[in-house]
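The values are calculated or read from the model by the stated rules, or taken from the named source; none is laboratory data. Please read all numbers here as calculations on a predicted model, not as lab measurements. Cβ coordinates were reconstructed from backbone atoms using ideal geometry, including for glycine residues, and neighbour counts include every protein chain displayed. In case anyone asks, the SASA skips ligands and DNA or RNA and just uses the protein heavy atoms, side chains included. Shrake-Rupley method; radii C 1.70, N 1.55, O 1.52, S 1.80 Å.
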Amino acid sequence: MRFVLDLAIAIGLALVIGVSSAWFMVERGRIFGAVSAHGWTAWPAEGSANADPYSLARLSRTGEMPLGAGEGLSFTATRDADGAPLSGQCTYRIVGDTPPARMWTLTAYDSEGRLMVNVARRSGFHSREIVRRADGTFDIVVSTAVASGNWLPIAPVENFRLVLRLYDTPLTTGSQIATLAMPGIRKAACT
């Protein structure tokens with residue numbers, strides 16, 4: 001009888017731990033295959049046949065469409081250059097340049113992955129409409145307040161994320177990504 005009870009407890013614990021860890025990985029996980037460069041993180045295998053099963057389950061649940069390996073690469077940032085979470089109560093400056101790509105887009109999403117409703121009804125920029133400096137770099141203001149020049153409006157949400165998508169880029173492996181020069185995300189002010 002003691003053996004049956006011990007076996008039932010072991011099976012119960014295994015089920016709880018297994019289901020909990022699977023839920024966590026699908027709900028919050030993007031752990032495997034991540035490569036970071038200056039605060040931006042990419043998952044190069046996410047849109048390929050080599051994607052891990054947790055990424056596939058998360059993508060099926062959320063309905064997201066990752067870029068395929070031949071299409072480009074997507075980078076996500078949730079923190080500024082000082083490591084603080086991106087907040088809709090602050091103004092940020094995205095300064096620098098992007099890695100080589102035929103085209104790129106920069107989009108702001110809320111913490112749930114939805115486009116944010118904002119006064120300008122604009123959710124992103126692309127490389128063909130950005131105003132650049134004489135040296136080819138750019139300066140984008142991310143803020144709830146109207147700004148001149150390259151302004152990406154956001155909603156006054158608690159946290160948000162920025163997604164930089166590089167289309168038709170020669171970047172394909174994690175070893176290339178780790179040494180990239182990426183645009184910096186600098187906090188300018190908070191309300």
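If you check ALA101, ALA147 for being open to solvent by 20 Å² or more (accessible area, probe 1.4 Å) and farther than 25 Å from GLY72 by Cα, only one passes: ALA147.
From the residues in region 68-98 that are over 15 Å from ASN159 (Cα atoms) and not in a loop (DSSP other than H, G, I, E, B), which one is most open to solvent (accessible area, probe 1.4 Å)? Break it down stepwise before answering.
Filtering region 68-98 down to residues over 15 Å from ASN159 (Cα atoms) leaves 68-75, 81-82, 93-98.
Right, trim to not in a loop (DSSP other than H, G, I, E, B) and you get 72-75, 93-96.
Working: GLY72: 10, LEU73: 12, SER74: 37, PHE75: 0, ARG93: 93, ILE94: 2, VAL95: 22, GLY96: 17 Å².
Top of the filtered list is ARG93.
In region 103-111, the condition of being more than 15 Å from LEU162 (Cα to Cα), at pLDDT below 90 and not acidic (Asp, Glu) is met by no residue. Scanning region 131-156 for residues that are without any contact (Cβ under 8 Å) to a residue 24 or more places away in the chain and either hydroxyl-bearing (Ser, Thr, Tyr) or touching a helix residue (DSSP H, G or I) at 6+ places or on another chain (Cβ under 9 Å) (or both) yields one hit, SER148. Checked against the criterion of being among the β-branched types (Val, Ile, Thr), out of contact with any Leu (no Cβ under 8 Å at 6 or more places or on another chain), surrounded by fewer than 18 Cβ atoms within 10 Å (Cβ to Cβ) and modelled with pLDDT of 90 or more, the candidates VAL117, VAL131, VAL163 yield just one match: VAL131. Out of the residues in region 151-160 that are open to solvent by 10 Å² or more (accessible area, probe 1.4 Å) and in contact with a strand residue (DSSP E or B) (Cβ under 9 Å, 6 or more places away or on another chain), which is nearest to TRP104 (Cα to Cα)? My answer is TRP151.
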